[in-house]
Amino acid sequence: MKAVIALGSNLGDRQAHLDAGLAALRTLGTVVPSPLVMETPDESGRGPAYLNTVAILVAEETDPRRLLEALLRLELAAGRDRGVGRNAPRTLDLDLITTDGPPGNWTWAAPEDLRALGAELTLELPHPRAFSRPFVLEPWRALSDPGACGGVIPRA
């Protein structure tokens, strides 16, 4: 499966967290990162500015739910604390933006190791806010082949 993953960090050494996030994504498959990293303000007002980038991930995984679970595990391993609120500052944020599979909405029971995030996990593809976020669209457009994920090309 090909997937577009948005990465962001606004705590500690933000660039190091993005680099570590890209390295962690490589444990899931082949990664093509965007050449552009953007700085954006923290919308919550509780933390420093974010550094953001986007990557295309080509993974053997074919189920987007399992891919989301893997991304959540990578965030937790990078020190992300989801217990502090939805828009709280974070070491690493990995958002599944879209895949080359069909769009959809899923809700399923969280695996035991992710139960701290809630009894259920949800996923909507494409990500419902991605196409209104310049910090996703601009790095995505900067990829040499932004349409590499199922022909989905971010609007200009």
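The table for this structure:
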item	result
Heavy-atom accessible area per residue - the chain, 1.4 Å, Å²	49
Relative contact order (%) - the chain, alpha-carbon pairs under 8 angstrom, separation at least six	30
Pair residue 113, residue 19: separation of 7 Å Cα→Cβ label points (nm)	2.6
Sulfur and carbon atoms: percent of accessible area, the chain [1.4 Å]	52
Inter-part distance where region 94-111 and region 10-45 are each reduced to a Cα centre, Å	20
Solvent-accessible area of residue 56 with every protein chain in place, 1.4 Å probe, in Å² to the nearest 10	10
Most mobile of 88, 109, 70 in a GNM of the chain (Cα contacts under 10 Å)	109
Global size of the chain as Cα Rg and Dmax, reported in angstrom	14.5, 41
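The values are calculated or read from the model by the stated rules, or taken from the named source; none is laboratory data. What you are looking at is a predicted structure, and each value in this text was computed from that prediction instead of being measured. Positions of Cβ are generated from backbone atoms using ideal geometry, with glycine treated the same way; all protein chains shown enter the neighbour counts. SASA here: full protein model, heavy atoms, side chains in, ligands and nucleic acids out. Shrake-Rupley method; radii C 1.70, N 1.55, O 1.52, S 1.80 Å.
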